[in-house]
Amino acid sequence: MSFVISGLPAEEFQPLFGLSDEDLQKCGVIRKTADTKPGFACRITLEDAEPGETVLLLNYESHKTDTPYRSSYAIYVRENASAPQTFTDDLPPVFKGRPIALRIFDKGGNLIGADLDMTGDVSTKIERAFDKPDAAYIHAHNAMHGCFAAEIRRAP
């Protein structure tokens, strides 16, 4: 089963880029400087920020649904990100070498399954999840910290 993993749209975050730390704080956002790699995974580019690069730490509603599975949590976005990266039948850099939790949803936004990969290669588990005909999309999360990593859909 072919799949697509996409980063978040940069335009959602562009109003925050370049704001002062004080203005960001009013929005509940914190500017940080990456000091390690890996460690600051951008949810737009799906790559880790380089040491010295600035990122924004903010709460993001990743699962906007009127079900009990509505979800939001902290994520990082790079301040210089201009466009989301898309990966077809391939894993983005932020998945590799990290334990990833998969939450499988139906078209109504209800959880119908979950899986966990500790190896850093979740491709097989993604494909197996999409073997279920009622699986509409998958949300990948960093299994250690719980933050949203990316949405996964069947390839057209």
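The values are calculated or read from the model by the stated rules, or taken from the named source; none is laboratory data. If you're wondering where the values come from, they're calculated on a predicted model, not measured in any experiment. Counting neighbours? That spans all protein chains shown, and the Cβs are built from the backbone with ideal geometry, glycine included.
So here's what we get for this one:
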{"item": "Any pair with Cβ under 8 angstrom, 6 or more apart, that starts in the range 133-156 at a residue that is modelled with pLDDT of 95 or more and exposed (fewer than 14 other Cβ atoms within 10 Å of the Cβ) and ends at one that is in a loop (DSSP other than H, G, I, E, B) and of a type outside the set (A, V, I, L, M, F, W, C)", "result": "ASP134/ASP106; ASP134/LYS107"}
{"item": "Those residues of the range 85-121 which are closer than 18 Å to SER72 by Cα and in contact with a Gly (Cβ under 6 Å, 6 or more places away or on another chain), in sequence order", "result": "ILE104"}
{"item": "Breaking point among (1) β-branched (Val, Ile, Thr); (2) part of a strand (DSSP E or B); (3) in contact (Cβ under 8 Å) with a residue 24 or more places away in the chain, for ILE112", "result": "(3)"}
{"item": "Matching residues, the range 77-103, being in a strand (DSSP E or B), closer than 19 Å to TYR60 by Cα and among the hydrophobic types (A, V, I, L, M, F, W, C)", "result": "VAL77, ILE100, ALA101, LEU102"}
{"item": "Verdict on LEU91 being surrounded by fewer than 17 Cβ atoms within 10 Å (Cβ to Cβ), touching a residue at least 40 places away in the same chain (Cβ under 8 Å) and either under 25 Å from THR119 (Cβ atoms) or out of contact with any Lys or Arg (no Cβ under 8 Å at 6 or more places or on another chain) (or both)", "result": "no"}
{"item": "Every pair of residues 6+ apart whose Cβ atoms lie under 6 Å, when the first sits in the range 8-26 and is within 27 Å of GLU151 (Cβ to Cβ) while the second is not in a loop (DSSP other than H, G, I, E, B)", "result": "PHE13/VAL77; LEU16/LEU56; LEU24/ARG31"}
{"item": "Counted residues, the range 18-57 - those being under 21 Å from THR86 (Cβ atoms), buried (at least 16 other Cβ atoms within 10 Å of the Cβ) and out of contact with any Pro (no Cβ under 6 Å at 6 or more places or on another chain)", "result": "7"}
{"item": "The range 65-74, residues that are in contact with a strand residue (DSSP E or B) (Cβ under 9 Å, 6 or more places away or on another chain) and either under 17 Å from ILE112 (Cα atoms) or part of a loop (DSSP other than H, G, I, E, B) (or both)", "result": "THR65, THR67, PRO68, TYR69, ARG70, SER71"}
{"item": "Selection count, the range 41-64, where residues are in a loop (DSSP other than H, G, I, E, B), within 12 Å of the chain's Cα centre (by Cα) and hydrophobic (A, V, I, L, M, F, W, C)", "result": "2"}
